[in-house]
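Visitor: Here it is, the structure in full.
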Amino acid sequence: MSLSVAPEHGDEERRVVELLRGARTTIFSELKKVIIGQEKVIEQLLLALFSGGHCLITGAPGLAKTLLVKSVSDLFHLKFNRIQFTPDLMPADITGTEILEQDEDGQRKMVFVPGPIFANVILADEINRTPPKTQSALLEAMQEKQVTAAGRRMPLEAPFFVLATQNPIEMEGTYPLPEAQLDRFMFNVIVEYLPEDDEVAVVTKTTSGPQEELKPLFAGTDLLSFKSVVQSVPIAEDVARYAVRLAAASRPGEAKTPAFINDWVNWGAGLRAGQYLVLGAKARAVLNGRSHVSIDDIKAVAHPVMRHRILVNYRAEADGISVEKVISRLIEEVPEPA
């Protein structure tokens, strides 16, 4: 990879570029100690982290979603907190609350006790199990990187990521995430069942004794530096325009919207989709050792960026058309730049 380094950045910038060159191989090699298969899921999770974005992880129970998030946080030596979302969870259980405390002199005062959201990586486990009132407690933290509680605004320590899981199978008694909150997630990563050989390897390894421990490879400051380098990757105007057109083509009722979108889609992707398409493509280019963004990079991140931003209608469901098929057809029909 040959990223341009400005003279004023000096040795530190060059060090970050060198770290990024081998980051993919190093991280995958270390994660193989505890995670078997799921290379595509791991790559998309790393793209989100290197871009500074939050991630929604969707999959059936028992597919190591929690283990994957915990393992990635261990690799980056980040403070990790897991919040199990339940129907009785309250916003104060996440953000923190004030308690009455008595000091050594017998004086009483209100003291704020920080909640589990004060960490670098938050695993919001089964986020769709809790009511919207509690889900919304994450909105300010995800967007503004701060928490307002007890009449004060308290910044969260950088880097800060929310990695939320949800179970798509059992939907009874759940509270689907509102579009405003879904839009704050950079990716919606789908975790699927493993191939037979990988599943055999998992069963054999997990029943043969204690699991290996992961060693930290990078500091939290390295992750912030990775984000800075990713943002500095150049992108041609034609490639950025393609990303914008891909997102805009998913919106029904627009002048250049394909006919099948008007037939099958109720709501399309917004402005954040174009931003995250470009950011994700930049991160993918860096992880693949390239100093520029290609059309293939945009296409590679189109599904995780757009699958939770496009809402299909009843006609699509009646025709057996899924969001995945809509995105694939968009990629086929939106013309690439010459």
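Visitor: Going by the structure shown, is Val121 touching a Gly at 6+ places or on another chain (Cβ under 8 Å) and in the same structural domain as Leu223 (by TED's automatic domain parsing)?
Guide: no
Visitor: State yes or no: is Pro252 surrounded by 13 or more Cβ atoms within 10 Å (Cβ to Cβ) and free of Cβ contacts under 8 Å to residues at least 40 places away in the same chain?
Guide: yes
Visitor: In the range 134-162, what residues are of a type in the set (D, E, K, R) and out of contact with any strand residue (DSSP E or B) (no Cβ under 7 Å at 6 or more places or on another chain)?
Guide: Glu144, Arg152, Glu157
Visitor: Could you pull out every one of the helices (runs of 4 or more DSSP H) wholly within the range 143-240 that has 3 or more residues that are surrounded by 12 or more Cβ atoms within 10 Å (Cβ to Cβ) and in contact with a Pro (Cβ under 9 Å, 6 or more places away or on another chain)?
Guide: 220-232
Visitor: Can you tell me how many residues in the range 256-266 are free of Cβ contacts under 8 Å to residues at least 12 places away in the same chain and outside any helix (DSSP H, G or I)?
Guide: 2
Visitor: If you go through the range 288-324 one residue at a time, how many are among the charged types (D, E, K, R), part of a helix (DSSP H, G or I) and more than 26 Å from Ser51 (Cα to Cα)?
Guide: Number satisfying all stated conditions: 2.
Visitor: For the range 89-99, name all the residues that are more than 13 Å from Ala149 (Cα to Cα) and either of a type in the set (D, E, K, R) or more than 37 Å from the chain's Cα centre (by Cα) (or both).
Guide: Answer for the range 89-99, where residues must be more than 13 Å from Ala149 (Cα to Cα) and either of a type in the set (D, E, K, R) or more than 37 Å from the chain's Cα centre (by Cα) (or both): there is none.
Visitor: Name the residues in the range 52-72 that are farther than 14 Å from Gln166 by Cβ and modelled with pLDDT of 85 or more, would you?
Guide: Gly52, Gly53, Leu67, Leu68, Lys70, Ser71, Val72
Visitor: Pull up the range 255-280, narrow it to residues that are in contact with a Lys or Arg (Cβ under 7 Å, 6 or more places away or on another chain) and not β-branched (Val, Ile, Thr), then point me to the one that is surrounded by the fewest Cβ atoms within 10 Å (Cβ to Cβ). Before you say what the answer is, go through the steps one by one.
Guide: From the range 255-280, those in contact with a Lys or Arg (Cβ under 7 Å, 6 or more places away or on another chain) are 257, 260, 263-264, 268-270, 273; that's our starting set.
Next, from what is left, pick out any that are not β-branched (Val, Ile, Thr): 260, 263-264, 268-270, 273.
Working: Phe260: 16, Asp263: 13, Trp264: 24, Gly268: 22, Ala269: 27, Gly270: 15, Ala273: 25.
Out of the qualifying residues, it is Asp263.
Visitor: Let me ask another. Any idea which of (1) over 18 Å from the mean Cα position of the chain (by Cα); (2) more than 30 Å from Leu75 (Cβ to Cβ); (3) touching a residue at least 12 places away in the same chain (Cβ under 8 Å) is the one Ala269 doesn't satisfy?
Guide: (1)
Visitor: To continue, here is another question. What's the total number of residues in the range 78-124 that are part of a loop (DSSP other than H, G, I, E, B), of a type in the set (Val, Ile, Thr) and surrounded by 18 or more Cβ atoms within 10 Å (Cβ to Cβ)? I'd like the intermediate steps shown before the answer.
Guide: Within the range 78-124, the subset part of a loop (DSSP other than H, G, I, E, B) is 78-79, 85-90, 103-107, 115-120.
Still in the list and also of a type in the set (Val, Ile, Thr): 86, 117.
Going one step further and asking which of them are surrounded by 18 or more Cβ atoms within 10 Å (Cβ to Cβ), we end up with 117.
Matching residues across the range 78-124 total 1.
Visitor: Here's a follow-up. Given the options Lys282, Lys299, name the one that is at pLDDT 95 or above, more than 14 Å from Asn188 (Cβ to Cβ) and either of a type in the set (Phe, Trp, Tyr) or not assigned by TED's automatic domain parsing to the domain that holds Lys40 (or both).
Guide: Details: Lys282 fails: at pLDDT 95 or above.
Of Lys282, Lys299, the one residue that is at pLDDT 95 or above, more than 14 Å from Asn188 (Cβ to Cβ) and either of a type in the set (Phe, Trp, Tyr) or not assigned by TED's automatic domain parsing to the domain that holds Lys40 (or both) is Lys299.
Visitor: Go through the range 125-138 and give me each residue that's surrounded by 14 or more Cβ atoms within 10 Å (Cβ to Cβ) and in a helix (DSSP H, G or I).
Guide: Matches in the range 125-138: Ile127, Asn128, Arg129, Thr134, Gln135, Ala137, Leu138.
Visitor: Right, Gly53: assigned by TED's automatic domain parsing to the domain that holds Pro114 and over 24 Å from Lys282 (Cβ atoms) or not?
Guide: no
Visitor: Is at least one residue of the range 299-321 of a type in the set (Asp, Glu) and in contact with a His (Cβ under 9 Å, 6 or more places away or on another chain)? Steps first, answer last, please.
Guide: As a first pass, look at the range 299-321 and keep what is of a type in the set (Asp, Glu): 317, 319.
The next check asks that each one be in contact with a His (Cβ under 9 Å, 6 or more places away or on another chain); those that pass are none.
So far as the range 299-321 goes, no, none of its residues is of a type in the set (Asp, Glu) and in contact with a His (Cβ under 9 Å, 6 or more places away or on another chain).
The values are calculated or read from the model by the stated rules, or taken from the named source; none is laboratory data. Being a predicted model, the structure only gives us computed values, none of them experimental. Heads up, the Cβs are rebuilt from the backbone with ideal geometry, glycines too, and the neighbour counts pull from every protein chain shown.
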